[in-house]
Structures are given as C-alpha cells and as structure tokens.
1. Which ones in the stretch 16-58 are at pLDDT 85 or above, of a type in the set (D, E, K, R) and surrounded by 11 or more Cβ atoms within 10 Å (Cβ to Cβ)?
2. Can you pull out the residues in the stretch 85-116 that are assigned to a strand (DSSP E or B) and under 20 Å from E56 (Cβ atoms)?
3. For V66, only one of the following conditions fails: (1) at pLDDT below 85; (2) touching a strand residue (DSSP E or B) at 6+ places or on another chain (Cβ under 8 Å); (3) aliphatic (A, V, I, L, M). What is its number?
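The values are calculated or read from the model by the stated rules, or taken from the named source; none is laboratory data. In this text, all values refer to a predicted model and were calculated from it rather than measured experimentally. Reconstructed Cβ throughout: ideal geometry from the backbone, glycine too, with neighbour counts over all protein chains shown.
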Amino acid sequence: MGWMSLHREAGTSDRGWFQSEVLGERYRIEELVPEPPNEYARQWQERCRAEIATKERARLVAHGTVVHFAEALHFSDGVAEDEFAFFERSSFRRVTDRRLVQITSWRSRTDWSFERRLASAAC
C-alpha cells in the first residue's frame with residue numbers, strides 16, 4: 001500500500017496538496033475523502049469546509065489592515081464601532097479613537113470583510 005506525502009511546487013502554496021508516491025499524481029485533500037454515506041455526514045463535511053474557508057480568509061488579514069464588521073460591536077466603555085485596524089491575533093485598534101480592543105473568535109465569524117488599505121498611522 002502506498003503512502004501520501006506533502007508535495008510543494010516552487011512558488012506555490014503547499015496547503016492542502018498531497019503527492020502520491022505510488023501513482024506520482026497530485027491530489028487536493030478533498031479529492032481523497034470519499035463521498036459521505038448519508039445526509040448528516042454530507043452536511044457535517046460542508047460545515048467543516050465552510051469553517052476552513054473562513055479561517056483561510058482570515059490569514060489574508062495583515063497588521064494594519066482595516067476590517068469591517070456587518071454590525072457595530074458594542075464595548076463596555078459605551079462605544080459601538082464596526083471598523084477596526086488589525087493589530088495581532090485578536091487585538092484590533094478602533095479607527096475612531098485608536099484604542100486597543102480584543103475581538104475574540106473573529107476568525108470564525110462570517111460577518112466581516114476587509115480592505116487591503118492600511119489604517120493611517122497603522123497601529
């Protein structure tokens with residue numbers, strides 16, 4: 001029985017690609033997973049793929065990138081804001097007053113978008 005190893009081509013991302021040592025062919029990991037046997041398993045697989053896609057999108061956010069949330073987030077100091085400059089991990093700076101705030105689990109949320117422009121005086 002053959003085994004799978006990570007395969008990387010020069011200048012490309014290696015995330016999710018595997019090389020078959022037996023067949024010498026390249027596969028996406030999703031291609032190796034068999035069809036789900038029932039509706040529940042299919043729905044679970046779709047949820048997993050959606051979560052992975054959401055977290056992969058979050059990888060594109062770099063220090064100083066402006067992130068917009070669909071609805072304003074309310075903070076304990078009474079301020080509500082929907083636009084933040086990404087700092088690191090779960091730390092953001094509010095665009096209006098430059099205060100550092102924590103937005104936990106933001107990578108798992110689906111109600112945000114971002115622009116490649118950097119916040120003025122980036123973080």
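1. Scanning the stretch 16-58 gives R42, E46.
2. Kept after step one, since they are assigned to a strand (DSSP E or B), are these residues of the stretch 85-116: 85-88, 91-94, 100-102, 112-116.
If the condition is that a residue be assigned to a strand (DSSP E or B) and under 20 Å from E56 (Cβ atoms), then F86, E88, F92, W112, S113, F114, E115, R116 are the ones that fit.
3. (1) is the only condition that V66 fails.
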